[in-house]
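Have a look at the structure below before the remarks.
The values are calculated or read from the model by the stated rules, or taken from the named source; none is laboratory data. All of these numbers come straight from a predicted model, not from anything done at the bench. Every residue, glycine among them, receives a Cβ derived from its backbone with ideal geometry; neighbour counts consider all protein chains shown.
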Amino acid sequence: MNHSKALDKALLIIMAKWHAFGRCKTRLSKDIGKSNSAKVQSVMTKHTISVAKSLQKNKIIDISLAISGLGLRNCKRWSNELGIKKYNLQGKGCLGEKMKRQIIINKKFCIQNKIKNIIFIGTDLPDLCHQDLLHTLKELNQNDLILGPSNDGGYWLIGLSEKIILKHTYLPFINIKWGNEYVLQNTIDNFTNKKLKYKFLHKKIDVDTIIDIENRK
């Protein structure tokens, strides 16, 4: 099935953390142990990439990994293992600074490849499916900003239109205390005085603790 005629191409940036023993999913590791926690992280990352690749085959997205927890050489090796050609380091700072940096790094690539929209997702979504991404692409045809709310007050996806990327790059990422329950609300507040259209996807559970896993059953 070919969706590419109706949809603008997007760059999907996957914010991926290396599943190092004791350094990922720290809240979950308190419940299930560091080794199991690292395995969960690895499995969820591979699942996210598998879903993304199903759309890449239709040439409606390109994939870029934004990696933390590894040096540049090991990033290249891990990206190769995952079958993704394009990758960058996340770099320092809060989540907002990291995402904004990825937009700046990828601007030239987007222009060269006629990519209009950028979508960010994490790797904490075991129930992510290709329809989630397809729906986001469709909504970006009519909206400037797409947000997938998560159970913790943040978001599991943010989709940015060409208008935001070119004129309002800072807007989704300023005045936000990352990691608290008001991230989504703060993000919306940043857009209230602008004539920009936003749309919500359905709510999902980010897997950070054993309770999140239990809640999915």
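Among residues that are of a type in the set (Phe, Trp, Tyr) and surrounded by fewer than 17 Cβ atoms within 10 Å (Cβ to Cβ), PHE109 is included.
Taking every residue in segment 159-183 that is within 15 Å of ILE13 (Cβ to Cβ) and pairing it with any residue that is β-branched (Val, Ile, Thr) and loosely packed, with under 13 Cβ neighbours inside 10 Å, at least 6 positions away or on another chain, the pairs with Cβ-Cβ distances below 9 Å are THR169/ILE104.
Going through (1) more than 14 Å from the chain's Cα centre (by Cα); (2) farther than 20 Å from HIS47 by Cβ one by one, LYS98 falls short only on (1).
Flag set for CYS94, criterion: touching a Phe, Trp or Tyr at 6+ places or on another chain (Cβ under 6 Å) and surrounded by fewer than 18 Cβ atoms within 10 Å (Cβ to Cβ). In the list ILE104, ILE118, which residue meets the criterion of being of a type in the set (A, V, I, L, M), touching a residue at least 60 places away in the same chain (Cβ under 8 Å), out of contact with any Pro (no Cβ under 9 Å at 6 or more places or on another chain) and more than 13 Å from ALA10 (Cβ to Cβ)? Just a single option satisfies the conditions, and that option is ILE104.
The set of residues in segment 58-82 being farther than 25 Å from LYS9 by Cα, of a type in the set (A, V, I, L, M) and surrounded by 14 or more Cβ atoms within 10 Å (Cβ to Cβ) consists of LEU70 alone.
Of the residues making up segment 26-39, just one is surrounded by 20 or more Cβ atoms within 10 Å (Cβ to Cβ) and modelled with pLDDT of 65 or more, namely ALA38. For segment 160-205, the candidate set comprises residues that are in contact with a Lys or Arg (Cβ under 9 Å, 6 or more places away or on another chain), under 14 Å from MET99 (Cα atoms) and not hydrophobic (A, V, I, L, M, F, W, C); within that set, the residue that is surrounded by the most Cβ atoms within 10 Å (Cβ to Cβ) is PRO172.
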